[in-house]
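Everything on this sheet refers to the single structure shown next.
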Amino acid sequence: MTSADLLTTLGTTCKQYGPGRLPKAERRDIGAGYALASAATGATLLFSLIAWSLYALGSPIGSDWEFLGTMGLIALPFVTPTSFISAVIVWHTLPSDVPYFGASAGVLATLGTYLLALLVLFTLSVVELGVTRQYAQLPEAAAFIGVIGFVALSTTFWLTLPVGAVSGIIHERVTPTGAKRS
């Protein structure tokens, strides 16, 4: 089986059983949102599994793998919807003549996922601090969210960026060339 046959099979499977059958999946940008949200969910679960495995095996790599694995699962409700939104935005706005469009858009959507998830966390913090009238805590909350972002990116980029690129490539290969852009 060639790689082209594998991509065709994957595309057919996604359309029949996966995100390809969801509402408006025929649109190039919405389909990318579904594809990247699925990939981000899978990458998050895989990262947590790897982290817990490293913890259970007593990894010589100095990190708190149990904590990171747990944080991956806690992040999942933020990762999945923000990756959908990020991919839709990237596929809708990035010019289609960008070289290696699928890979480029996949990586940009992945980076956008980190930013949007942090923005959601920051917004929730602002609301919480406003309700409790603890406005002086806002700079501290913002700094803490920045640390969360740094830790998230620095511990997961080796998995998320390649998954984003490959997902973007696959989405572009299985999407018909005449698919609606918006």
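The values are calculated or read from the model by the stated rules, or taken from the named source; none is laboratory data. Bear in mind that the values here come from a model prediction, so they are computed numbers and not experimental data. Every residue, glycine among them, receives a Cβ derived from its backbone with ideal geometry; neighbour counts consider all protein chains shown. To get the accessible areas, we keep the full protein, side chains included, count just its heavy atoms, and leave off ligands, DNA and RNA. Shrake-Rupley method; radii C 1.70, N 1.55, O 1.52, S 1.80 Å.
In whole Hz, what ³J(HN,Hα) sequence does the range 28-40 give by Karplus (6.51, -1.76, 1.60; θ = phi - 60°), x for Gly and Pro?
Each residue's phi maps through the Karplus curve to give 4, 6, 5, x, 5, x, 4, 5, 6, 5, 5, 5, 5 Hz.
Can you work out the FRET efficiency for the pair residue 64 and residue 100, with r the C-beta to C-beta distance and R0 = 45 Å, to the nearest 0.05? Walk me through the intermediate numbers first.
Details: r = 36 Å, r/R0 = 0.80.
So, using R0 = 45 Å, E works out to roughly 0.80.
At a 10 angstrom cut-off on C-beta neighbours, averaged per residue, how do the peptides 47-55, 28-36, 165-173 rank from highest to lowest?
Numbers: 47-55: 17.9, 28-36: 25.7, 165-173: 21.3.
Output ranking for 47-55, 28-36, 165-173: 28-36, 165-173, 47-55.
Give the distance, in whole Å, between the Cα centre of the range 129-171 and the Cα centre of the range 39-62.
Here the two parts' Cα centres lie 18 Å apart.
Using a 1.4 Å probe, how large is the accessible area of residue 107, given in Å² and rounded to the nearest 10?
50 Å²
On the principal axes of its Cα set, how long, how wide and how thick is the range 26-102? Give whole Å, largest value first.
Taking the Cα atoms of the range 26-102, the three principal extents are 47, 26, 16 Å.
Multiply the residue gap between residue 124 and residue 140 by 0.36 nm, knock off their C-alpha separation, and tell me the result in nm, one decimal place. The partial results should precede the final answer.
Values: separation 16, 0.36 × 16 = 5.76 nm, distance 1.40 nm.
Computed gain between residue 124 and residue 140 is 4.4 nm.
Quick one: accessible surface of residue 64, probe radius 1.4 Å, all protein chains present, in square angstrom to the nearest 10.
90 Å²
Between Rg and the Kirkwood Rh of the range 26-174, both from Cα atoms, what is the Rg to Rh ratio?
Expressed as Rg/Rh, it is 1.03.
With the crude spin-label approximation of a point 7 Å out along Cα→Cβ, what separation in nm comes out for residue 159 versus residue 76?
So the label points at residue 159 and residue 76 sit 1.2 nm apart.
Could you list the chymotrypsin sites (Phe, Trp or Tyr not before Pro) in the range 56-162 that lie in coil according to DSSP, counting only those with at most 14 other Cβ atoms within 10 Å of their Cβ? Mind dumping the intermediate values first?
Working: sites: 65, 67, 78, 84, 91, 100, 101, 114, 122, 135, 144, 150, 157, 158; in loops: 100.
Answer in residue order: 100.
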